[in-house]
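Enquirer: Can you keep this structure in mind? I'll have questions shortly.
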Amino acid sequence: MVRDDCGRNDRRCQSPVTCLRGFNALRVSNVSAFAFHTPSWLARSAFAALFAAGLSAALPVHAATPKSGGTLTVIAQPEPVILTAALSTSSPTATFSTNVFDGLIEYDNDFNLKPGLAEKWSLSADGKTLTLNLRHGVNWHDGKPFTAGDVKWTLENVWKKYHPRNQALFANADKVDTPDDHTVIIHFTKPSLAVLSSLNSNGAQVLPRHLYEGTDILNNPYNNKPIGTGPFKFKEWNRGSHLVLERNPEYWDKGKPYLDRVVYRVIPDGGARTAALEKGEVQYASLSPLPARDAQRLSQLPNIRLQTKGYEWLSPWLFLSVNVERPHLKDVRVRQALYHAIDREAYRKVVWFGYGKSAISPVVSTLTQFHDATVPQYAFDVKKAEALLDEAGATRGANGERFRITIDYLPYGDEFRRSAEFLKQAFKRVGVEADVRNQDTPSYTRRIYGDRDYDITVQWYSGFADPQVGVTREYQSDSIGKNIPFSNGPGYRNAEVDKLVAQAQGSGDQAERVKLFKALQQQVQKDLPSLPLLELQFFTVEASDLNDTVSGVDQVYGSFKNFWYTDPSKH
Amino acid sequence: MNALPSASASDPAQHAALPAHLARGWFARLIRTPSGLIGSVLTLAILLMAAAARWVFPEDPLAMVAEPFLRPLADPALPLGSDMLGRDILAGIFHGARASLAIAATATLIAVVLGVGGGLLGGYFGGWLDRAITRVTVFFQTVPPFLFALAIVAIVQPSVATISLAIGLTSWPSLARLVRAESLRLRHSEMVHASVALGASDLRIIWRDVLPNAMTPVLVSTSLLVANAILTESALAFLGLGDANVASWGNMVGAGREVLRTDWYIATLPGIAILIAVLALNLLGDGLAAALDPHSSH
Amino acid sequence: MNRLMLALRGALQLIGVALGIATINFFLLRLAPGDAVQVIAGESGSASPEYIAALRAQFGLDQPLWVQFCKYILKLAQFDLGYSFRQGTSVANLILARLPATLLLMGTAVALAALLGGLLGTLAAYRAGRWPDLLISCLALFCFAIPVFWIGLVFVVIFSVWLDWLPVGGMYSVSAGLSGWALAVDIGRHLILPAATLALFYMAIYTRLMRATLIEIRRKDFVRTAVSRGVRPVRLFRVHILRNAALPFVTMLGVQIGSLIGGAVVVETVFSWPGLGRLAFDALIQRDFNVLLGILLCSSILVVLVNWIVDALYRLLDPRVRTA
């Protein structure tokens, strides 16, 4: 079987046509075969030329100029609660709001930063001053001008007060100067290099000061009828059914967006989503909207394309949080044994249908700058697992059982339930009996992060582009037991690790931070409070006549401003 | 869900006390009707399947024994194929009979105990007890039963015990109303008057006079309650609220729902099992109603 | 005067029921672990203690339970069902927004089922024991035994995907921007599959009910007397039988209308129909208690009202009940 960068052993990848559609050959984080400024369509057609001999007639020939027009129908699942990401970090809000709001900075496909609302940005040598030069001539959707005052106000009153991630990132920002309407100077008491990784539309969404200042921010009606500077304007929200966006004719990126309208449809049932995509009633759905099996089937159809790029910024990894305060699990040998008992490759193939990559560290391998490939490895070895368990004193009883544990899983989809069932069987083989527990989200988060009444749980976090933003929360000790969802579930306390994290947070030298994060990985993979299983690979299902659908590594939370139809009159 | 009305009218007055000479031989009458015969046979078959499950398939039905998505009849060892985790579907159906029937039986037991108890007490004693019990049944009536079961299971952890409890708690009111009507009627019958005149205690009267004669509608309703419980359990599993540690038909259908388009058999085969079981129980209920109907021409 | 007293008593009863149910539900729901803030924090993928505290304050969940309860009852007294912070709108608005969809779906399904079921049941009763009866009875049994969600999915696959006759889900084509008659037709097309799925199940009930009732009645003495008197079949049906058959039919109809709100959770899920059942389910999962309480309250009031109407119809249809 051909194996390509998709990370899937799949006969689909044997065909240059279907493989080309995934554009995975272009995911070259290490080797940049194409220059930073090459438009992606050019890169793609160059690649297509190489494969000219093998092309079938079905391969669309990309025209040089994008065509305007058409309505894009997208799936919103689940339905967002609030429509601005300045106040919420949930995915539905993220995928919706980045069409209404721009980011200060944008990403390209190689983790390089591009100008957004900020034309130029610079960090001082000591890392304590961030200067942003804002674009001129940008207006909010209601006509008022976008100025540095908006950025300053949002930073001081929204990001630092209400945004879960930015509270930590901007905690050290004590002063913000706006010498003129288009310059923002942020002064940090201690360097915060991680900020640069979070200035896109999802990380740092700027709210219109003139509509929010003086109001009750959390209850402001504009949270549900947002006014931004982005390529699309908010039109309507029919709760439980759909949301509508319309093209912003005064958008600062001239000529864009190409689409006339975007309609988000709420479709709770997976089977119904599949049918809608198959029939072409919906043309775009991200974050693995379908069961992988259906997605595989749909990708064979000529009118549908499966896309795996655009998620790199998330750096998601799936892992087992082990409650290190439980009787048997407090022994590191038991944890090591459990890790050895899991065949991660089989797990990836059976539960995730081959999507993703086996994980060896909480920092995923696509984050090449920070990833440490030399961490202690725990290969699939049942004998070793049994030996370790015997050594730790957890011998088999009369009925072959060593001890009993419970597995709770994140109630977000069938894959997590199947993961729990898979693990139950894997552990049973080495004599550990596991009961799978099922509950809804509030019960789950309370149990894991509040009451800490669990043994093992299956879940995933987004690591984001800097480990400080998404990875360290699993290992820092200050959040234990405080009922803060998605923080330190295992209850792991290691002063060394806390020190490493604190140092990396306050360091102004990126090279030093890289060293510190690698040391962190070495330590936590030795202590194993958390067992990384899989580097998650999400996919997007798109109509094949939709073009330019991946503009950056954060496309999953990016806008549709570059999308265009080959033939808009059909939509 | 609404209980299917039995073959005889829902007017309780029709469920008159069965004359003694007709009470005997009801089983013979049962199997003489086509619905009764088929229903009994099928129900028996399913019970046998549940009883034999551990014997025919001694291994854990949740064990991953083969490669996933094996088609039915592709491998002689797995006649019905395997599901997305490589589990044997036939073993799942056999063991699922155990789980689904256990849940349904427990739920029905709860419903019968509460329903008969509440109905008897309320109908016989009347007064404040009756009013109190009626208030409770009205309360249960106002909440859509499926939603109620959903709420209970979602709040407490879904497990075999909680699912049975939830279904039992939501299906007893209709039975209580039925039994209440019966006991109300029987209370004023000559038989009870005679017992009262003879100085029998309330408990004795209830036990010997009222209860046996009120059982007719209860018997008929029982098989329907079991059928309803099986359907409710599968619906709960479909919505993601099944017990993950047992192989139940509802769980299998719920799991197979995601791959219905590509591997239809994973959800369909257990679905057919549910269909047959519910069908069998309904037919049995029909047969019982006909057999116990005092108006039958014999 | 008597009527007025009756009506007044009825109104008081209704208020009593509503208050009782509101109280019970309020405290029962609080047994659930976690609250709305926990859900939102959970869905966000990350949260800080300050964020959670701010949300709690906004939702009013940081106050002691009895304070929250008193506030809720006070609001109820002013006919204010409360506010859903999660949805950002008042509960009354939410329910009213979804009510038409629910009424449309359930109304169509029940009407279809009652009509078809009544007809089929009558046919089966008049041909009792012969093959039309057997066929119809088998069909009814089948329709009752099939899991609703399963048949719904099968319908979607057959009619929506393979045959492409009908849309996949939702209530209307959003992107089309239709209005007026075109919109009505569009909604109609979206309504067919979910209503049919529900109707199949209900139809089974009505068929069997009608059949059983008619068979029972035809056996009765007064019918035999009428037949022996030579009354013609049509008049017999209209005058003697129908009125008697109507009673259990009306009862069942009442029960189903009572379960109108929240009775179609599964169908609404499969077909993405924006109804109250799905709203209640989502509210439960999201611990949005105001919404759930509001829906349960409306449901209970509806049941009480329907019971009254059914009782009134009983008195109308059966004179014996009047004198009882």
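What follows draws every value from the coordinates through simple rules; no lab data is involved. Treat the numbers as computed from the prediction; the structure is a model and nothing was measured. Here the Cβ is made from the backbone with ideal geometry for all residues, glycine too, and neighbour counts use every protein chain on show.
Enquirer: Restricting attention to the alpha-carbon atoms of chain B, what are Rg (one decimal) and Dmax (integer), both in Å?
Expert: Looking at chain B, its Cα Rg and Dmax stand at 21.6, 74 Å.
Enquirer: Moving on. Arranged from highest to lowest average of other beta-carbon atoms within 10 Å per residue, in what order do the peptides B:82-95, A:153-166, C:232-245 appear?
Expert: So the order, starting with the most tightly packed, is B:82-95, A:153-166, C:232-245.
Enquirer: Mind checking the alpha-carbon convex hull of the stretch B:100-220 and giving the volume per residue in Å³? List each step's numbers first, then the result.
Expert: On the way: hull volume 12.8 nm³, N = 121.
So the per-residue hull volume is 106 Å³.
Enquirer: How large is the dipole of chain A about the Cα centre if only Lys and Arg carry +1 and Asp and Glu carry -1, each at its Cβ, rounded to the nearest 20 debye? Working shown, then result.
Expert: Working: 67 positive and 63 negative charges, 169 e Å.
So the magnitude is around 820 debye.
Enquirer: So, one more: Work out the charge dipole of the stretch B:160-298 with +1 on the Cβ of Lys and Arg and -1 on the Cβ of Asp and Glu about the Cα centre, then indicate which of B:ALA277, B:SER248, B:ALA229 is farthest towards its positive end.
Expert: The residue sitting farthest along the positive end of the dipole is B:ALA229.
Enquirer: Under the rule a/c < 1.5 gives rounded, and otherwise a/b versus b/c splits prolate from oblate, where does the stretch A:242-305 land using the Cα gyration tensor? Don't skip to the answer; put the middle values down first.
Expert: On the way: a/c = 2.96, a/b = 1.99, b/c = 1.49.
Because a/c hits 1.5 or more and a/b exceeds b/c, the stretch A:242-305 counts as prolate.
Enquirer: For peptide B:251-261, what's the mean number of Cβ atoms from other chains within 10 Å of each residue's Cβ?
Expert: Whole-number average of other-chain Cβ neighbours for B:251-261 is 6.
Enquirer: Sort out for me the Cα centre separation of the stretch C:197-243 from the stretch B:195-250, rounded to whole Å.
Expert: 30 Å
Enquirer: Dipole of the stretch B:119-274, Cα-centred, from +1 at each Lys and Arg C-beta and -1 at each Asp and Glu C-beta, to the nearest 20 debye?
Expert: Approximately 360 debye in magnitude.
Enquirer: For chain A, evaluate the Debye formula with one uniform point scatterer on each Cα (no solvent term) and list log10 I(q)/I(0) at q = 0.12 Å⁻¹, rounded to two decimals.
Expert: -1.27
Enquirer: Where does chain A land at 222 nm, in deg cm²/dmol rounded to the nearest 500, when only DSSP H runs of n ≥ 4 count, each adding -39500 (n - 2.57), divided by all residues?
Expert: Taking each H run of at least 4 residues, the total per residue is -7000 deg cm²/dmol.
Enquirer: With no solvent and one equal point scatterer placed on each C-alpha of the stretch B:125-177, evaluate the Debye formula and give log10 I(q)/I(0) for q = 0.29 Å⁻¹, two decimals.
Expert: -1.05
Enquirer: Based on alpha-carbon centroids, what's the gap between the stretch A:528-571 and the stretch A:309-376 in Å, whole number please?
Expert: With the stretch A:528-571 and the stretch A:309-376 each reduced to a Cα centre, they are spaced 24 Å.
Enquirer: Taking every residue in A:262-271, how many Cβ atoms of other protein chains lie within 10 Å of its Cβ, on average?
Expert: Working: counts 1, 5, 1, 6, 4, 5, 11, 12, 4, 14.
Counting other chains' Cβ atoms within 10 Å and averaging over A:262-271 gives 6.
Enquirer: Further question on the same structure: Mean residue ellipticity at 222 nm from the helices of chain B, using -39,500 (n - 2.57) per DSSP H segment of n ≥ 4 over the full residue count, to the nearest 500 deg cm²/dmol? Could the numbers behind the result be given before it?
Expert: Values: 12 runs with 203 residues, N = 298.
Calculated mean residue ellipticity at 222 nm is -23000 deg cm²/dmol.
Enquirer: Of A:GLU278, A:GLU325, how do they rank once you tally other Cβ atoms within 10 Å and put the fewest first?
Expert: Working: A:GLU278 22, A:GLU325 14.
Sorted ascending by nearby Cβ count, the order is A:GLU325, A:GLU278.
Enquirer: Further, regarding this structure: I need the fraction of alpha carbon pairs in the stretch A:470-544 separated by more than 20 Å, rounded to a whole percent.
Expert: The proportion of pairs with Cα distances above 20 Å equals 41 percent.
Enquirer: Dipole of chain C, Cα-centred, from +1 at each Lys and Arg C-beta and -1 at each Asp and Glu C-beta, to the nearest 20 debye?
Expert: On the way: 27 positive and 15 negative charges, 411 e Å.
Using only the charged Cβ atoms, the result is roughly 1980 debye.
Enquirer: Other chains near C:153-164: what is the mean number of their Cβ atoms within 10 Å of each residue's Cβ?
Expert: Partner-chain Cβ atoms within 10 Å, mean over residues of C:153-164: 4.
Enquirer: Based on other C-beta atoms within 10 Å, arrange A:ASP216, B:ASP286, C:ASP62 from fewest to most.
Expert: Arranged by neighbour count, lowest to highest, A:ASP216, B:ASP286, C:ASP62 become A:ASP216, C:ASP62, B:ASP286.
Enquirer: Rg/Rh for the stretch C:20-69: what does it come to with C-alpha atoms and Rh from Kirkwood?
Expert: Radius of gyration relative to Kirkwood radius: 1.04.
Enquirer: Oh, and also: Which semi-axis lengths, in whole Å and largest first, follow from the square roots of five times the eigenvalues of the Cα gyration tensor of the protein assembly as shown?
Expert: Semi-axes (√(5λ), whole Å): 57, 33, 30.
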